[in-house]
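Structure below; questions to follow.
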């Protein structure tokens, strides 16, 4: 894939758990790094959960090979992509991040 095909600016974030002033766990997302990737939506469904419309989409983000882990997330243009798995290509130059996008409407 050429560099021009990776045109979406993405922010890789990891979950950090801290304890607030009341002793309760607090989950925060911290920036790991930014990168350019190619985002491709694979499928999507719409459902009603608890009386609210919910949209669930599967997406793939192709990026240069780097440190990515399932459980991290990618944010691009205010859309949150939860990384489900990381699939390296055969040459170990790029990875495909299999992601899930859940939005409530």
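With farther than 17 Å from residue 7 by Cβ and modelled with pLDDT of 85 or more as the only criterion, which of 47, 70, 63 stands out?
Values: 47 fails: modelled with pLDDT of 85 or more; 63 fails: farther than 17 Å from residue 7 by Cβ.
Answer to the check: 70.
Please list, ordered by first then second residue, the pairs with beta carbon atoms under 6 Å, 6 or more apart or interchain, first in segment 73-102 and at positive phi, second in a loop (DSSP other than H, G, I, E, B).
These pairs meet every condition: 92/65.
Ok, one more. Only one residue in 31, 42 is at pLDDT 95 or above, touching a strand residue (DSSP E or B) at 6+ places or on another chain (Cβ under 9 Å) and either surrounded by fewer than 14 Cβ atoms within 10 Å (Cβ to Cβ) or part of a strand (DSSP E or B) (or both). Which one?
Working: 42 fails: at pLDDT 95 or above.
Of the residues listed, the single one that is at pLDDT 95 or above, touching a strand residue (DSSP E or B) at 6+ places or on another chain (Cβ under 9 Å) and either surrounded by fewer than 14 Cβ atoms within 10 Å (Cβ to Cβ) or part of a strand (DSSP E or B) (or both) is 31.
The values are calculated or read from the model by the stated rules, or taken from the named source; none is laboratory data. On a predicted model such as this, the values are computed, not experimentally measured, just so you know. In this analysis, Cβ positions are derived from the backbone assuming ideal geometry, glycine residues included, and neighbour counts consider all displayed protein chains.
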